[in-house]
Structure formats: structure tokens, C-alpha cells
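The values are calculated or read from the model by the stated rules, or taken from the named source; none is laboratory data. None of the values given here were measured: they were computed from a predicted structure. Here the Cβ positions follow ideal geometry from the backbone for every residue, glycine too, while neighbour counts run over all protein chains shown.
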Amino acid sequence: MCVHDRAAKEAAVARFLRDYPQAGQVENGHPALRGITDIAWSEIPDCPAAVPALFNGLLDEVASEEASRVLGIVLIDDVFHLSAAMPSALPFLIRLALDRHVPGRAGLVDLLVFAAETSRHAGVEGDERFALLVGTDADRPERAACRKVFAEHAASVRVLLDDDALSDGLLSAEERDSLMAADGSG
């Protein structure tokens, strides 16, 4: 299983910034990213400080695909676990995903679906297998924090789900159900 520790995340971000220096030099000013530099990203366990540069990269036509890939490395510890940074990043992911003109939108939607699917409550009766895979909420507090963020941004998630562009193959019925469940509307 591929596990992304702090060193791997830092290395991936450094490569991204080397290959796409424009992402680290310009604060885009996109309204969805308002407040992103106010977060002390490096104080979050295993999180690189340059997370805002990855979000800026999502807005760059040339860098967006790689920015999405590297952001996934930063926000996902392994195939079953969100990183501690995901709850802080989630509001920006949701707001950016609402913008049809963001070049990296498909990658954002993928990250949102992953966050929704892996943040669902584990350890309830009948769901023991899921809890064995992902751990309980006590083991992984970022999952409960993500559910809280999804609930706080439920109106935005519903707007996203109503977007006709997402109906054209970007979201499967199962992925829609995961997002609806995550925001509390499903």
C-alpha cells in the first residue's frame, strides 16, 4: 500500500514548484481561495506549507493536472485514510469545484468524492468491515472533522450536485450518493 508521509509530500510539492514555479509566485485572488494563506498549513501534522501553491496550480491551465495529483498526495495519507490537512482544505475544494471554469475541476470533484466516501461514520453496527479498513472515528479524527465541514457547506454541495456539467459523466450515481450522505442531505 502506498503511504504518503511528510517527506514524500514535501518532495512531491517541491517537484511541483520546480516544474511549475508560477504556481508558487502568484496569489491568484480567486474568491474561492480567500483565506487560504491564513491557515498555518505547516503546523498541521505531515502537511507541507506550500498547500496554497497547489490550489493556485489548480487554476493554471498548464499546471492543473499535476497540481491535482500532488494535492491528492498531500490530502490523502493512503488508499483508506485522509490526511489531517483534509478538513482545512475541504472548504476550498468545495468552493473551487463550484466554478465550472477551473481547469482542475475534475480532480477537485474526485478529491471531494474520496473525502466524502472515506469520512463517513465507521464503527456503527453492520459496518464493521468498513471500520476495520479505515479505523474508527477515534482513530482518525479528521473524518469527523470532514463530516462537519461537509455539513457546514451542505448548500454548496447541493449546488454542485445540481450542476448539469457534473451529470455528463463526471459523477456516477454512487459518487453523488456519497456526496449527498456527506453533506447530510442523503
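In this structure, is ASP162 exposed (fewer than 14 other Cβ atoms within 10 Å of the Cβ), out of contact with any strand residue (DSSP E or B) (no Cβ under 7 Å at 6 or more places or on another chain), over 27 Å from ASN56 (Cβ atoms) and at pLDDT 80 or above? When the stated conditions are applied, ASP162 passes them.
Can you go through SER68, SER42 and tell me which one is without any contact (Cβ under 8 Å) to a residue 60 or more places away in the chain, assigned to a helix (DSSP H, G or I) and surrounded by 17 or more Cβ atoms within 10 Å (Cβ to Cβ)? Residue meeting the stated conditions: SER68.
In segment 95-122, of all residues being of a type outside the set (A, V, I, L, M), in contact with a helix residue (DSSP H, G or I) (Cβ under 6 Å, 6 or more places away or on another chain) and part of a loop (DSSP other than H, G, I, E, B), the one that is surrounded by the most Cβ atoms within 10 Å (Cβ to Cβ) corresponds to GLY104. Of all the numbered requirements in (1) under 30 Å from ALA155 (Cα atoms); (2) of a type in the set (D, E, K, R); (3) in contact (Cβ under 8 Å) with a residue 60 or more places away in the chain, LYS9 misses one, and that requirement is (1).
Suppose the filter is under 21 Å from CYS146 (Cα atoms), surrounded by fewer than 17 Cβ atoms within 10 Å (Cβ to Cβ) and touching a Gly at 6+ places or on another chain (Cβ under 8 Å); does ARG34 pass it?
In short, no.
Residues that are at pLDDT 90 or above, under 12 Å from ALA49 (Cα atoms) and either within 18 Å of the chain's Cα centre (by Cα) or not in a helix (DSSP H, G or I) (or both) within segment 4-29 comprise LYS9, GLU10, VAL13, listed in sequence order.
Collect the residues in segment 71-94 that are part of a loop (DSSP other than H, G, I, E, B) and touching a Pro at 6+ places or on another chain (Cβ under 7 Å), keeping them in residue-number order. The answer is ALA84, and nothing else.
Evaluating PHE92 against the criteria (1) within 19 Å of LEU166 (Cα to Cα); (2) more than 15 Å from the chain's Cα centre (by Cα); (3) among the aromatic types (Phe, Trp, Tyr) leaves one unmet condition, (2).
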